[in-house]
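Engineer: Here it is, the structure in full.
The values are calculated or read from the model by the stated rules, or taken from the named source; none is laboratory data. Here the structure is a predicted model, which is why all the values come from computation and not from measurement. As a convention, Cβ positions derive from the backbone with ideal geometry for all residues, glycine included, and neighbour counts pool all protein chains shown. Each accessible area value is taken on the protein alone, full model and side chains, heavy atoms only, with ligands, DNA and RNA left out. Shrake-Rupley method; radii C 1.70, N 1.55, O 1.52, S 1.80 Å.
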Amino acid sequence: MNEKVLHTLEYDKIIALLEAKASSEKGKALCRNLRPYTVLSDIERAQTETADALKRIFSNGSLYFAGIKDPGPALKTALAGGTLQPKDLINIASLLENVGRVRSYGLKDREEADSDSLDDRFSCLEPETSLMKEIHRCIISEEEIADDASPELRHIRKSMGFAQEKVHSTLQGLVNGTLKSYLMDNVITMRNNRYCLPVRSEYKGLVPGMIHDQSASGSTLFIEPQSVVRLNNDIREWELKERDEVQRILKVLSSSCAERSDSILADDNILSELDFIFAKAELALSMDAMRPIFNSSEIIRLKGARHPLIDPKKVVPVDLELGESFNLLIVTGPNTGGKTVSLKTMGLLELMGLSGLHIPALDRSELSFFKEIYADIGDEQSIEQSLSTFSSHMTNIVSILKKADINSLCLFDELGAGTDPTEGAALATAVVSWLHKRNIRTMATTHYSELKEYALTTNWVENACCEFDVESLMPTYRILLGVPGKSNAFAISRRLGLPEYIIDDAKQRIGEEDQKFESLLANLEKNRLDLERKRQEISAKQIEIETLQQDLDSGRQKLQASKEKILSSAKEEARQILSEAKETADKALKNLQQYADSDTLREAEKERSRIRESLKKTRATGGLPNPSESPIPEKDRGKGNLSRKNARVGMNVKILSLNLKGIIQTLPDKNGNLYVRCGLIKYQVNLSDLINLESGNGKRTSGNGNSIPKGLSKASSIHTELKLIGMNGDEAREELAAYLDEAYLSHLNVVRIVHGKGSGILRKVVHDYLKNCKYVHDYRLGEYGEGDSGVTIAHLGEARW
């Protein structure tokens, strides 16, 4: 990409904004050096990296790389065998600390997330935690090494401290004692790293020792008393040992850094790349930018595009197209109307997209992979080269025409301006015609009517204008495709107060054809505004209709929910009623089995008839499946009729509390407990919970041992077969429901339902009901000799809820 267009379209200002988003020096350098890519795969890779970084920012927050210094020079010194200074080691430790933090950020919550283009970079980071901790342990700051850096350094500093205390103690004794009257001040001071006393010059002979310095006036001499010379020498020796030990510690740390130099340099490079990538993402976030779609068809389709260098609160989004229905776009309109901004917006967003940056436009905006972009925008008058405005523009245009091809995007601002209007218009028309014939994507702004006419009469060329509000004399900055623009010079002049007679005179000086053309444009603009107003009204009505539809749908949903709630409540109430009826019926059955006299049986039969009518009424009002409670109520449990004397192994009995029939397996123990087998399961029960089901001749008996006369109980009178032939579906379903209730209450195990073969409608009704009946365990069609497919055999049992 030519450097000139980068400056013309202000791409360098975008790079400056990008650089401000980076934190590290190398990351900023990558931002400064960013240029449009020349390979489409590189563009897509860079766009993907920017998009992935933006997703991570939305998910985990921003990622910063502050405090990272280039470790290259320091590691080069270490590899050469040199000793690094504390500052260099601290920078390396800070780098490794950032590596650990960045790696943790990159791997956070990635187990369930889809992999992206940044995963490899994050996973390749090596924090070198042990080296980082060792540097922080040994070095406190650039000027201070920790006492615990080594045992030897701790010993040296401790010994030096003792020597310094001894010197202080000795000198303090002299200050407060024999030398007090000879001193200028009662203080202990340092000269040449030696502890001294400020002695008046007239008493220098009375204080034996070494003179290290004197005051500016000469009245004070700084003397090291003879008594502390040896102690000061000891301190100096400890200081030399401390220096050597510190150098040794730094040398060890430097060697460790040299050993890990490859890993450290790799970490630094990865951090710089991530800093650069996340800077692009932060720039996209600040601009509310989106990833563009790239094509290789030389088509640009920008939706709601905003110039990134204009205040977001003031910029007006524009829609721009080029290359699909037309390859040449002529933009006209008044000055300051937004023509140049739109031109620069298209060029700058194309450059940003080619550089892997997201663009400030709506989602699904499209850019094309242009290998070159050429622009002639602004006043390029050159005094040094003796070029006028027209000459400088024409020089640039000549250069563009030599280099442009089908893979180029050409942008011209005020093409042909700066010379005679007639000649300028002719030249401008010739230039765009030459580009149009070679299918080179071009966008040009102009005031020339000739170019408007060329666009109206030439295929694959489109007019566009910048909308202008004549009433307010302010541009709206909207780009209207397919509409040629007006300069509005007369309207603006009239609004600003130019006398009408001057305006009329000016109109008469315009050619008749020009007047007709301007009148046509005015009518087109008026019609467009009318259509725009109607479109807005229709849009408002559409929104109102959609709102009403949403309210209607919401009301329907609430009504349906209320209906379901009412039905659910009614069904639950019916289930409770049926449960109570079932409990009452089972209680009556139990009493019927325990008491066999005729009067009691007749009363039980009446009660049974009453319960049956209650069940039918309950079903008629929406009754639901039978309850799951045990058929034997809790209050009737423990009323068995067996004793230790008449209980025997093999006897058929019934467990009242479980409503199960079984056979005694063992004799009762001293507490009356014994085992009864019911099917495959053995239960331990008490004699008081059992009823003997055998009479003396092995017949089934009632609860007190008397035989129950057949025909007196409902359980004896109900048939095991139900015939539904000749009924319709509703009649059959109601009859079947009532019959199954009676059969279940009468403890029938198997029933035979005759529905006939026919068309299969009654069979389907029967099977659908049996499928949902809670106390039907299974059912099947009759076999040969049972009625074949005209009969269904159903097995009943305990209700399943």
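Engineer: So N233 ticks every box in (1) free of Cβ contacts under 8 Å to residues at least 24 places away in the same chain; (2) of a type in the set (S, T, N, Q); (3) surrounded by 15 or more Cβ atoms within 10 Å (Cβ to Cβ) but one. Which box is left unticked?
Structural biologist: Only one criterion is unmet by N233, namely (3).
Engineer: If L770 satisfies every condition in (1) open to solvent by less than 20 Å² (accessible area, probe 1.4 Å); (2) closer than 30 Å to L658 by Cα; (3) assigned to a loop (DSSP other than H, G, I, E, B) but one, which is the exception?
Structural biologist: (3)
Engineer: Here are E273, E239, E202: which of them is open to solvent by 30 Å² or more (accessible area, probe 1.4 Å), modelled with pLDDT of 80 or more and either part of a loop (DSSP other than H, G, I, E, B) or under 30 Å from E19 (Cβ atoms) (or both)?
Structural biologist: E273
Engineer: Being among the aliphatic types (A, V, I, L, M), more than 13 Å from L320 (Cβ to Cβ) and touching a strand residue (DSSP E or B) at 6+ places or on another chain (Cβ under 8 Å) is the filter here; which residues of the stretch 347-379 pass it?
Structural biologist: L351, M352, L354, I373, A375, I377 - these are the residues of the stretch 347-379 that are among the aliphatic types (A, V, I, L, M), more than 13 Å from L320 (Cβ to Cβ) and touching a strand residue (DSSP E or B) at 6+ places or on another chain (Cβ under 8 Å).
Engineer: While we're on this one: Within the stretch 160-198, which residues are more than 16 Å from V229 (Cα to Cα) and at pLDDT 85 or above?
Structural biologist: G161
Rundown of residues vs (1) at pLDDT 70 or above; (2) over 39 Å from the mean Cα position of the chain (by Cα); (3) closer than 23 Å to L480 by Cβ, yes/no style:
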{"position": "E500", "(1), (2), (3)": "yes, yes, no"}
{"position": "I503", "(1), (2), (3)": "yes, yes, no"}
{"position": "E513", "(1), (2), (3)": "no, yes, no"}
{"position": "F517", "(1), (2), (3)": "no, yes, yes"}
{"position": "L524", "(1), (2), (3)": "no, yes, yes"}
{"position": "L529", "(1), (2), (3)": "no, yes, yes"}
{"position": "R533", "(1), (2), (3)": "yes, yes, yes"}
{"position": "A540", "(1), (2), (3)": "yes, no, yes"}
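Engineer: Within the group V461, V483, which residue is modelled with pLDDT of 70 or more, touching a Leu at 6+ places or on another chain (Cβ under 6 Å), within 24 Å of L343 (Cβ to Cβ) and β-branched (V, I, T)?
Structural biologist: Exactly one residue qualifies, and that residue is V461.
Engineer: Can you find a residue in the stretch 333-348 that is within 28 Å of F58 (Cβ to Cβ), buried (at least 20 other Cβ atoms within 10 Å of the Cβ) and not aromatic (F, W, Y)?
Structural biologist: The answer is yes; a qualifying residue exists.
Engineer: Out of the stretch 278-318, which residues are more than 17 Å from E350 (Cβ to Cβ) and not in a loop (DSSP other than H, G, I, E, B)?
Structural biologist: F278, A279, A281, E282, L285, S286
Engineer: Taking the stretch 318-341 on its own, how many of its residues are modelled with pLDDT of 85 or more and in contact with a Leu (Cβ under 8 Å, 6 or more places away or on another chain)?
Structural biologist: Result for the stretch 318-341: 9.
Engineer: So, in the stretch 389-416, exactly how many residues are of a type in the set (S, T, Y) and within 44 Å of the chain's Cα centre (by Cα)?
Structural biologist: 1
Engineer: In the stretch 640-661, which residues are part of a loop (DSSP other than H, G, I, E, B), surrounded by 13 or more Cβ atoms within 10 Å (Cβ to Cβ) and either at pLDDT below 50 or among the aliphatic types (A, V, I, L, M) (or both)?
Structural biologist: Scanning the stretch 640-661 gives L642, A647, M651, L656, L658.
Engineer: Taking the stretch 84-104, which residues are touching a residue at least 60 places away in the same chain (Cβ under 8 Å) and surrounded by 17 or more Cβ atoms within 10 Å (Cβ to Cβ)?
Structural biologist: L84, P86, L89, I92, L95, L96, N98, V99, V102
Engineer: Look through the stretch 11-69, keep the residues that are assigned to a loop (DSSP other than H, G, I, E, B) and aliphatic (A, V, I, L, M), and return whichever of them is nearest to L271 (Cα to Cα).
Structural biologist: My answer is I68.
Engineer: Moving to a separate point now. Look through the stretch 148-161, keep the residues that are open to solvent by less than 80 Å² (accessible area, probe 1.4 Å) and part of a helix (DSSP H, G or I), and return whichever of them is nearest to R236 (Cα to Cα).
Structural biologist: By that ranking, first place goes to M160.
Engineer: If you check every pair at least six apart or on different chains, which have Cβ atoms under 8 Å apart with a residue in the stretch 431-453 that is touching a residue at least 24 places away in the same chain (Cβ under 8 Å) and open to solvent by 10 Å² or more (accessible area, probe 1.4 Å) first and a residue that is of a type in the set (F, W, Y) and part of a strand (DSSP E or B) second?
Structural biologist: Short answer, once both residue conditions are applied: V431/F412.
Engineer: Can you name the residue in the stretch 775-795 that is in a loop (DSSP other than H, G, I, E, B) and open to solvent by less than 70 Å² (accessible area, probe 1.4 Å) and is also farthest from V750 (Cα to Cα) among such residues?
Structural biologist: The selected residue is G787.
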